[in-house]
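Asker: Quick one: structure below, then a few questions.
None of the figures in this text is laboratory data; all of them are computed from the coordinates on show. Quick caveat: nothing in here was measured; it's all calculated off a predicted structure. A quick note on method: Cβ atoms are made from the backbone with ideal geometry, for glycine too, and the neighbour counts reach across all protein chains shown.
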Amino acid sequence: MEKLKLGMIGGGDGSFIGAIHRNAAYLDNYYELVCGSFSRDFNNSLETGKKLFLNPERIYKSYEDMIDQESKLDSSIRMDVVSIVTPNHVHFDPAFKALNKGFPVIIDKPMTYDSNQALKLVKVVNETGLPFAVTHTYTGYPMVKEAKQLIQSGKIGKLRKVAVEYPQGWLTSNLESTKNKQASWRTDPKKSGIAGSMGDIGTHAANMVEYVTGKKIIKLFSKVNTVVDGRKLEDDGNVLITLENNIEGNLMTSQIATGEENDLKIRVWGENGGIEWKHSSPNTLLLKLNGSPNQIYRSGVDNSYLSNFSLANCRTPSGHPEGFIEAFANIYRNFALSIMNHKNNKKDRYEYDYPTVNDGYRGMKFIDAVIESSKKKKWINL
């Protein structure tokens, strides 16, 4: 086995998520960063590459140059996989070009600027057979995986209802008017797409529902709001959702929930009980069985009562916290194993799952449906 040689597009000095991706990739020692085009500002890219101890010859002026030049290098030194950590409007083109040059791709969410681009990526992934991952980070938490396993095992019985919420407060004022880089592009329809909060965090909430329950959202009714004066995209919204098997639910996202951080929370109820997980206490999963005291499940590599699915993604002994970087790293590690399996014509193991191009496409269809439903004031099928 050799480390996978990683190339990165985006993530230069001043970026929000680039360092998180790199730290996650490094955690299990499966990747070595060998090249990058970290910014449209080449000086920024050079400075970032210097801090990361890269060969200056492999710090590229553009992602087009990087993909083209790396594809011409000998297989012993060229990159094996591309990580794309740019704003939404610079997701599709580098991903499409990389796949067509034979490089697997791991990309930040939402997967693309719009659903048409997403569908094109689905097609090229299917045509090439290359591994492709989307960093819906929260599915990397061990207790989210345990929730999924408990539901699949029938522990809480036939599913009846689901509720998910993702409140943030960081955009409670017109932060984009202060030239805050992250606020500026996330509230700009030319860069973010047709949705604000529903694209940025609503896709996480929708992905969490489908991942944990194993059921797809088939239709929805939404009302989105632009609360802050002068903002171009919605910053708050509520959605009624219907999943397969007539499972009803609701989904809420808000980036103007003053005082909130990133408190994603999901609850699922079945005939025999329910489960509850929240991001503010990610090591804990509550199991609420009818007629019994609530049970507290805790993550940890020495917890014999957890499923193998969860334990395969635990890193620390019981009582020691696992956090955002570890959840992110689970996606990077599991994707690395998938790339290695692809090279050796082996099948992926169930325990080492990750969000795929199809999950990314589902997220883009969710955005379309939410915005259309709110405009037309009617139920929309996904």
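Asker: Say the cut-off is 23 Å between C-alpha atoms; which of 158/216; 265/288; 158/288; 3/148; 158/215; 161/288 go over it?
Answerer: Cα-Cα > 23 Å for 3/148; rest within.
Asker: Output the Cα-based Rg and Dmax of the range 100-254 in Å, rounding Rg to one decimal and Dmax to a whole number.
Answerer: According to the Cα coordinates of the range 100-254, Rg and Dmax are 17.3, 51 Å.
Asker: OK, next. Per the Kirkwood definition applied to all pairs of different Cα atoms, how many angstroms is the hydrodynamic radius of the range 271-382?
Answerer: Mean inverse Cα-Cα distance, inverted, gives 17.2 Å.
Asker: Still on this structure, I have one more. Would you check the range 290-382 for Lys pairs whose C-alpha atoms are within less than 26 Å, ignoring same-chain pairs closer than 8 in sequence, and give me the count?
Answerer: On the way: 365/375; 365/376; 365/377; 365/378.
So the count of such lysine pairs works out to 4.
Asker: Cut-off under 17 Å on the C-alpha distance; same-chain residues fewer than 8 positions from residue 191 excluded. Which lysines are left, in chain and number order?
Answerer: Once the sequence-local lysines are set aside, what remains near residue 191 is 109, 179, 181, 232.
Asker: Another question, then. Rg/Rh for the range 74-115: what does it come to with C-alpha atoms and Rh from Kirkwood?
Answerer: We get a ratio of 1.02 for the range 74-115.
Asker: From zero up to wherever the largest Cα-Cα distance of the range 168-257 sits, split into 5 Å bins and tell me the percent of pairs in each.
Answerer: Here the calculated profile for the range 168-257 is 3, 15, 24, 22, 14, 11, 7, 3, 1, 0.
Asker: Starting from the range 317-356, pick out the chymotrypsin sites (Phe, Trp or Tyr not before Pro) whose DSSP state is loop and whose Cβ has at most 12 other Cβ atoms within 10 Å.
Answerer: Listed in order of number, the matching sites are 350.
Asker: Determine the relative contact order of the chain: mean sequence separation of Cα pairs under 8 Å and six or more apart, normalised by residue count, in whole percent.
Answerer: Relative contact order here is 19 percent.
Asker: Still on this structure, please answer the following. Please report the projected area of the range 331-382's Cα convex hull averaged over all directions, in nm². It would help to have the intermediate numbers written out before the result.
Answerer: Working: hull surface 18.7 nm².
Mean projected area for the range 331-382: 4.7 nm², to one decimal.
Asker: Work out the FRET efficiency for residue 116 and residue 55 from their Cβ-Cβ distance, taking R0 = 35 Å, and round it to the nearest 0.05.
Answerer: With a Förster radius of 35 Å, E is 0.40.
Asker: Separate question: Which one, 197, 339, 364, projects farthest toward the positive side of the charge dipole computed for the chain from Cβ point charges (K/R +1, D/E -1)?
Answerer: Value computed over the given set: 364.
Asker: Tell me which trypsin sites (Lys or Arg not before Pro) from the range 1-67 have a DSSP coil assignment and no more than 14 other beta carbons within 10 Å of their own.
Answerer: On the way: sites: 3, 5, 22, 40, 50, 51, 58, 61; in loops: 3, 40, 61.
Of the trypsin sites (Lys or Arg not before Pro), the ones in loops of the range 1-67 whose Cβ has at most 14 other Cβ atoms within 10 Å are 3, 40, 61.
Asker: Something else now. Would you work out if the range 17-79 is rounded, prolate or oblate? Take a ≥ b ≥ c from the square roots of the eigenvalues of the alpha-carbon gyration tensor; rounded if a/c is under 1.5, else prolate when a/b is larger than b/c, oblate otherwise.
Answerer: Here the range 17-79 falls in the oblate category.
Asker: Could I ask something else about it? Suppose R0 equals 45 Å. What FRET efficiency, 1/(1 + (r/R0)^6) with r the Cβ-Cβ distance, do residue 42 and residue 271 give to the nearest 0.05?
Answerer: 0.15
Asker: Picking from 154, 273, 199, which is most flexible by a Gaussian network model of the chain using Cα springs under 10 Å?
Answerer: Judging by the Gaussian network model, the answer is 154.
Asker: So what does log10 I(q)/I(0) come out to for the chain at q = 0.14 Å⁻¹, using the Debye formula with one equal point on every Cα and no solvent?
Answerer: These q points yield log10 I(q)/I(0) values of -1.27.
Asker: Only loop residues by DSSP count here, and only those with at most 13 other Cβ atoms within 10 Å; note down the GluC sites (Glu not before Pro) in the range 2-105 that meet that.
Answerer: Passing both the DSSP loop test and the Cβ count: 2.
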